[in-house]
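S.K.: This is the structure I have questions about; it appears just below.
Taken together, the values in this text are just the output of simple stated rules run on the coordinates, not laboratory data. Values in this document were obtained by computation on a predicted structure and should not be read as measured data. Positions of Cβ are generated from backbone atoms using ideal geometry, with glycine treated the same way; all protein chains shown enter the neighbour counts.
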Amino acid sequence: MATPTAAPTERIKEQDGDVTYIRTEKDLPPVAIIDRSPITTRHKIIFGIIALLGAIAWAVIAFFRGETVNAVWFVIAAVCTYVIGFRFYARLIELKIVRPRDDNATPAEVFENDTDYMPTDRRVLFGHHFAAIAGAGPLVGPVLAMQMGYLPGTIWIIIGAVFAGCVQDYLVLWVSTRRRGRSLGQMVRDELGAVGGAAAIIGIITIMTILLAVLALVVVQALAQSPWGVFSIAMTIPIAIFMGIYLRFLRPGRVSEVSLIGVSLLLLAVVSGGWVAETAWGESWFGLSAVTLGWCLIVYGFAASVLPVWLLLAPRDYLSTFMKVGTIALLAIGILIARPVMQAPAVSEFATSGTGPVFAGSLFPFLFITIACGALSGFHSLISSGTTPKMLEKESQMRLIGYGGMLTESFVGIMALITAAILNQHLYFTLNAPAASTGGTAATAAEYVNNLPLSGDPITAEQIEQAARDVGEQSIVSRTGGAPTLAIGMSEVLHRVFGGAGLKAFWYHFAIMFEALFILTTVDAGTRVARFMLSDGLSNLGGPLRKLRDPSWRVGVWVCSLAVVALWGSVLLMGITDPLGGINTLFPLFGIANQLLAAIALTLVSVVVVKKGYLKWLWIPGIPLLWDLTVTLTASWQKIFSGDPKVGYWTQHFQYRNALDSGKTSIGSAKNVDQMEAVIRNTFIQGTLSILFALMVIIVFATGLIMVMRVLRGGGTPLTEDEPVASTLFAPSGLIPTKTEREVQKQWDALPQSHARSVGTSAN
Amino acid sequence: MGRAAAVARQIGWYFSKLSWYSATLMGDNHYRRYAEHRRRTHPGEPVMSEREYWRMRHAATEANPNARCC
């Protein structure tokens, strides 16, 4: 690893009209271009047209109250808003807060070590960053939020991304890049002090536990009693192991080649799942109950986190990256070609009444809690600090990667919302209402959803059964968790474009497999990361625990893995066996956890903005921070204190406890004493976690506030930014290089000796 | 003929761009880059074989795992 030389290097500036070229060495071409040329008339016209088109699309979505709204309007509104947001708002943030210095080297250039610090082509890094941040969250959240109609969800996913989610990702990337790619927890400790830092680390570990448990629960709900789904997911394990062995022993480094083989095998597994499910042995081997599946996942999670990386984790990650990018592109093409129309209302009855069966509570704050990742995701701050900054070539590329990456994720959220909104509304609630309400059979489910305040024709039991047969499942009643709904929506879109009605079942299971695949990747990577944080945190306590710092000490690895798996595993089993439905009680907790993590990240960013003296621009991270705190603390408050047993964990806890104490043997959805005890236990855990999350975040925010006050009075701890080092490489900033950037690039390419080169800078 | 050749060249160009992108994203050319970087920064010193290089990369991931998001 190279050591940075703190000696200030001369910067040689050269002015040419509105463009400034900066050199750090006399005989090398410029390393930075500062282009201050005003916007051209042509661009003014183009952006004017985009803005107008976006406004028309928004008007159609919001005010058109005819029979149907076409999905294409959603795509247009989203894309136009993203373009304007990226060109103008992100540029404002860049000019006023980020102030990129391309003449300074990024951590990737300074510490280049061929493993984690590696300057990487901006387009490749964009793909990397997107693959790391995109997961099941933006797919599941918007589907569940559809309970309140398409309009509130659409507005929040798009506007929330532009003003909150992208801002968080971009600014955390900025803060971390100026600190050698330090992790969020470390940066909070450095900038806010020990108390804030400790609260942030405890918060991050508990929040991760909930994340892993809820994601695993989504998989379990999608796969229970589905031999086809279980078979194709189970096959991903031998496929990944095969790929791992191939890469280790047969052809090291041929990653694309082995990924293509893996994806073909995966498709074969999806197809053959249909044949297996029809056989008697297939039914009995793979038609697993939710509890059995839960235990399988727990065992898998533990095994995957202690097995060598090359055997399971790395090849799975390749598969999941391939599938993620491919399927999302496929879905976008499908929506544009099939152009489906909305079946959901713009705003449903449940938005105001707060009595929806999918999740309890009214639009404010629970819509924002449920959508979570599609608009603002605290977990991204773990990627934007740590992994991505160590691969960044140039500071000015942060806008494309941080802000642009999140815009792409928001677009994924919009597509998920579309696939849920084009479903028949009766079918949507058949899938998403908990079994305690639907009764679990087609007949009782039909009766239940027909009594909900929905528009459109009532549904019959035969129609529900037919819908299940169409996708090759025995039942689709109460397939909660969002993944099956998304899969049905995707099969609806994709079969119209590729393959016709005969392929509906294939597309359904393809979609299930695609979601489960990257949820499982998140589960094994997440278990590893949480274990790492745990052993790191424990080793700081000193004494014999210091031994945990050594990652090759197997006993420590096993014990910490077991602890992490036990934590999320118990929450998972709690969700599976919850008599009230699991997803509808746990998902809000997941959303709150995620949004509270965003509050921690935005607090850090705000403190750094104040410390740097940009008080005037504090509103840029400040407004999303205050909004996020309002939403999450209101939701936490309601979850802790609400007198409505459907919303408040503790009210429900005491309601069931009193019932049990007074000798009742059933209440509400709990049909016997065991179930009543389960509800009492679950609500206790959920209620306690809600209090813990809220407390940790309040501590972090308070320490942030105190730090800001001290800084404003002229005190406070200094910034922990690294000393800048002169850069000696050049790379364009945006997706498409400008004319001046191309000219400078030519000068670099013409250098006799190949100079510092980023991964894949040369295309051959 | 000339036109067809131009179109074919264009398609070939897109294809090479695409395969470059996927190779860089997935890691196919990371070893080549490492070898170049090593020769430039540590001339005359031994360079790992591709097999050893990937063992080193996986060991690094083992010691410091990367998070995947929800």
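S.K.: Using a 7 Å offset from the Cα along the Cα-to-Cβ direction at both A:ILE685 and A:SER669, what is the distance between the two label points in nm, to one decimal?
M.R.: Taking the two extended label points, one gets 1.6 nm.
S.K.: How shielded is A:523-531 by partner chains, expressed as the average number of their Cβ atoms within 10 Å of its Cβ atoms?
M.R.: Values: counts 1, 2, 6, 5, 1, 7, 5, 2, 1.
Average neighbour count from other chains, rounded to a whole number: 3.
S.K.: Using C-alpha positions alone, give me the convex hull volume of segment A:229-352 per residue in cubic angstrom.
M.R.: Per-residue hull volume (Cα only) is 192 Å³.
S.K.: For A:253-264, what's the mean count of beta carbons from other chains sitting within 10 Å of each residue's beta carbon? It would help to have the intermediate numbers written out before the result.
M.R.: Values: counts 13, 5, 9, 9, 3, 2, 4, 2, 0, 0, 0, 0.
Mean partner shielding for this stretch: 4.
S.K.: Rank by packing, highest mean first: peptides A:688-697, A:15-24, A:444-453, with packing defined as the count of other Cβ atoms within 10 Å averaged across residues.
M.R.: Details: A:688-697: 19.9, A:15-24: 14.3, A:444-453: 17.4.
Per-residue mean Cβ counts within 10 Å order the peptides as A:688-697, A:444-453, A:15-24.
S.K.: Sort A:THR236, A:THR740 so that the residue with the fewest other Cβ atoms within 10 Å of its own Cβ comes first and the one with the most comes last.
M.R.: Ranked by crowding around the Cβ, least crowded first: A:THR740, A:THR236.
S.K.: I'd like to compare A:373-382, A:335-344: which one has the highest average count of other Cβ atoms within 10 Å, and what's the full order after that?
M.R.: Averaged packing, sorted descending, gives the order A:373-382, A:335-344.
S.K.: Could you list A:HIS653, A:HIS128 in order of exposure, starting from the residue whose Cβ has the fewest other Cβ atoms within 10 Å?
M.R.: Placing the least packed residue first, the sequence is A:HIS653, A:HIS128.
S.K.: Compute the signed sum of charges (Lys and Arg +1, Asp and Glu -1) over the other residues within less than 13 Å, Cβ to Cβ, of A:ALA71.
M.R.: Taking every Cβ under 13 Å from that of A:ALA71, the sum is +1.
S.K.: A further question on this structure: Quick one: compute a quarter of the convex hull surface over the Cα atoms of the protein assembly as shown and quote it in nm².
M.R.: Across all orientations, the protein assembly as shown yields a mean hull projection of 38.2 nm².
S.K.: If R0 is 22 Å, what FRET efficiency do you get for A:ARG251 and B:ALA59 from their C-beta distance, rounded to 0.05?
M.R.: According to the calculation, E is roughly 0.70.
S.K.: In addition: Excluding residues on the same chain fewer than 8 positions from A:LYS646, give the lysines whose Cα lies under 26 Å from its Cα.
M.R.: A:LYS664, A:LYS671
S.K.: If you take the beta carbon distance between A:ILE45 and A:LYS612 as r and set R0 to 51 Å, what does 1/(1 + (r/R0)^6) give as a FRET efficiency, to the nearest 0.05?
M.R.: Approximately 0.90, to the nearest 0.05.
S.K.: What distance in nm lies between label points placed 7 Å from Cα along the C-beta direction at A:SER662 and B:TYR14?
M.R.: For A:SER662 paired with B:TYR14, the spin-label model returns 7.1 nm.
S.K.: Got a sec? How would A:GLU393, A:GLU278 order by Cβ neighbour count within 10 Å, fewest to most?
M.R.: So the residues, fewest neighbours to most, are A:GLU278, A:GLU393.
S.K.: Also, quick follow-up: Kindly state, to the nearest 0.05, the FRET efficiency for A:ARG549 paired with A:LEU268, given R0 = 51 Å and r defined as their beta-carbon distance.
M.R.: That gives a FRET efficiency of 0.70.
S.K.: Taking every Cα atom in chain B, find the radius of gyration and the maximum pairwise distance Dmax, and write them in Å.
M.R.: So, for chain B, Rg and Dmax equal 18.2, 57 Å respectively.
S.K.: Further question: If each residue of separation counts as 0.36 nm, what is the full-extension length gain between A:ARG742 and A:GLU349 once their alpha-carbon separation is subtracted? All intermediate terms of the calculation are to be shown ahead of the outcome.
M.R.: Details: separation 393, 0.36 × 393 = 141.48 nm, distance 5.53 nm.
Length gained between A:ARG742 and A:GLU349: 136.0 nm.
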